[in-house]
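The values are calculated or read from the model by the stated rules, or taken from the named source; none is laboratory data. Since this is a predicted model, take the numbers as computed values, not measurements. Counting neighbours? That spans all protein chains shown, and the Cβs are built from the backbone with ideal geometry, glycine included. These area figures cover heavy atoms from the full protein model, side chains too; ligands, DNA and RNA do not enter into them. Shrake-Rupley method; radii C 1.70, N 1.55, O 1.52, S 1.80 Å.
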Amino acid sequence: MERNACPGAGSCGGMFTANTMSSAFEAMGMSLMYSSTMAAEDAEKADSTEASAKALVNAIKQQILPSQILTRQAFENGIATIMAIGGSTNSVLHLLAIANAIGVELTLDDFETIRKKVPVLCDLKPSGQYVTTELHQAGGIPQVMKMLLAQGLIHGDALTVSGQTIAEQLADIPTEPPADQSVIRPWDQPMYTQGHLAILKGNLAEEGGVAKISGVKNPKITGPARVFESEEDCLSAILAGKIVAGDVVIVRYEGPKGGPGMREMLAPTSAIIGAGLGDSVGLITDGRFSGGTYGLVVGHVAPEAFVGGTIALVKEGDSVTIDATRQAIELHVSDDELAQRRAQWTAPEPRYRRGVLAKYAKLVSSSSLGAVTDLGL
């Protein structure tokens, strides 16, 4: 079944995390045009590999360095492209970390600023109907970028690994997509008028949380909190039928320090969808999600539970609101009550006291900063 269902080797076909990040790196100028969306086993991959090798040799000769390519402009180009293609929530975490590594100032608020300007142009899985190879056939990332460039939403003068600028590489591409396809929508007929990766803030996530709001039928939910201390406990409750429509599931102590490592909540979110509750149950976690997740789910909640973030203070039955239209995530408990709970809260024992994971948990920063391990070093 797998050999016949899948087109061949390579990453998952939808615009999940792998394809999102490869598309972002193409948009940021670190890989050649069209290279991120072609199928791994297609003949053109060999041609692209040869061209990439030549570009690399030229970059070494000309000393075109990552630090020259990965500028603030490049990150803005990457974020705009991710919004236009409907990319994964994990891209937020990854780009924050990459920006930290290269020394470019980038914050969660930058994602929200760009989101409000850039529409979702591509009808791609998991919230749409097409896969990445079909995006490639429709014109790929260059076609999407040319549309953004024509609207002044990306920086055409940004350098690429080829030695050319973005504008130079896009010069021969039309400003509108081919008429004989429906993967890339015309500019005046987008999937959504604004980007899909929303940064939610509120007393439950003072530093912010990330939600993918494309394909969400009910952008707001207020319901009783169903609190779980781990992914496994949450999954068991869902499979046992203990989660019902209107509930807001809280999965905590799965953040960078608490996990440690921010496991993706693929099993609970898949189980919620499988139970037919995808449009009627919210989920909030200080962990993260698979790139294939959809529904009213909020991840990367910071500060995380392990460091005493408000998500650690939620009690079973508390009223919680997720509101994608206001970019809000709120715990309806008074400040006085929260202060009392905070005074009574104690940090849990670390899950690891020795080894690599113990070192990681001590060093890792908040997810709002990219969950990097070298801040302050």
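Couple of notes before you dig in:
- From the options Gly246, Gly276, residue that is at positive phi and open to solvent by 50 Å² or more (accessible area, probe 1.4 Å): Gly276
- Pick from segment 279-299, criterion within 17 Å of Ile329 (Cβ to Cβ) and among the polar types (S, T, N, Q), ranking: surrounded by the fewest Cβ atoms within 10 Å (Cβ to Cβ): Thr293
- Here Thr37 clears all of (1) hydroxyl-bearing (Ser, Thr, Tyr); (2) closer than 30 Å to Ser367 by Cα; (3) not in a loop (DSSP other than H, G, I, E, B) except the condition numbered (3).
- When we screen Ser88, Ser127 for residues that are under 26 Å from Ala150 (Cβ atoms) and either open to solvent by 20 Å² or more (accessible area, probe 1.4 Å) or in a helix (DSSP H, G or I) (or both), the only hit is Ser127.
- Residue in segment 356-363 that is closer than 17 Å to Leu296 by Cβ, open to solvent by less than 60 Å² (accessible area, probe 1.4 Å) and not in a strand (DSSP E or B) present: no
- Selection count, segment 188-214, where residues are open to solvent by less than 30 Å² (accessible area, probe 1.4 Å) and either among the small types (Gly, Ala, Ser) or farther than 26 Å from Leu121 by Cα (or both): 9
- Some residue of segment 74-92 being over 30 Å from Arg326 (Cβ atoms) and in contact with a Gly (Cβ under 8 Å, 6 or more places away or on another chain): yes
Yes/no matrix, rows are residues, columns are (1) assigned to a loop (DSSP other than H, G, I, E, B); (2) in contact (Cβ under 8 Å) with a residue 12 or more places away in the chain; (3) within 21 Å of Ser290 (Cα to Cα):
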{"position": "Met147", "(1), (2), (3)": "no, yes, no"}
{"position": "Ser182", "(1), (2), (3)": "yes, yes, no"}
{"position": "Glu206", "(1), (2), (3)": "no, yes, no"}
{"position": "Ala211", "(1), (2), (3)": "no, yes, yes"}
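- Any chance Ser11 is polar (S, T, N, Q) and modelled with pLDDT under 95: yes
- Filtered by the rule that a residue be outside any helix (DSSP H, G or I), open to solvent by less than 30 Å² (accessible area, probe 1.4 Å) and farther than 19 Å from Val144 by Cα, segment 105-124 gives a lone residue, Leu106.
- Test: residue in segment 333-343 that is closer than 15 Å to Ala205 by Cβ and out of contact with any helix residue (DSSP H, G or I) (no Cβ under 7 Å at 6 or more places or on another chain): yes
- Selection within segment 48-72 - surrounded by fewer than 17 Cβ atoms within 10 Å (Cβ to Cβ) and outside any helix (DSSP H, G or I): Gln63, Leu65
- Residue match in segment 74-82 (condition: modelled with pLDDT of 95 or more, more than 30 Å from Val364 (Cβ to Cβ) and assigned to a helix (DSSP H, G or I)): no
- Within segment 163-175, the set of residues being crowded, with 20+ Cβ neighbours inside 10 Å and not in a helix (DSSP H, G or I) comprises Leu170 only.
- Among residues of segment 300-318 that are modelled with pLDDT of 95 or more and buried (at least 22 other Cβ atoms within 10 Å of the Cβ), none has a beta-carbon under 6 Å from a residue that is assigned to a helix (DSSP H, G or I) and acidic (Asp, Glu) at least six positions away or on a different chain.
- Of the strands (runs of 3 or more DSSP E) lying entirely inside segment 264-331, those containing at least 2 residues that are more than 27 Å from Val372 (Cα to Cα) and β-branched (Val, Ile, Thr) span 319-323.
- Per the conditions (1) free of Cβ contacts under 8 Å to residues at least 60 places away in the same chain; (2) within 15 Å of the chain's Cα centre (by Cα), the sole criterion not satisfied by Lys54 is (2).
- Each residue in segment 213-262 was checked for being more than 25 Å from Arg326 (Cβ to Cβ), part of a loop (DSSP other than H, G, I, E, B) and within 21 Å of the chain's Cα centre (by Cα), and 9 of them qualify.
- Filtering Ser11, Ser31, Ser23, Ser35 for residues that are open to solvent by 60 Å² or more (accessible area, probe 1.4 Å) and under 30 Å from Arg288 (Cα atoms) leaves a single hit, Ser11.
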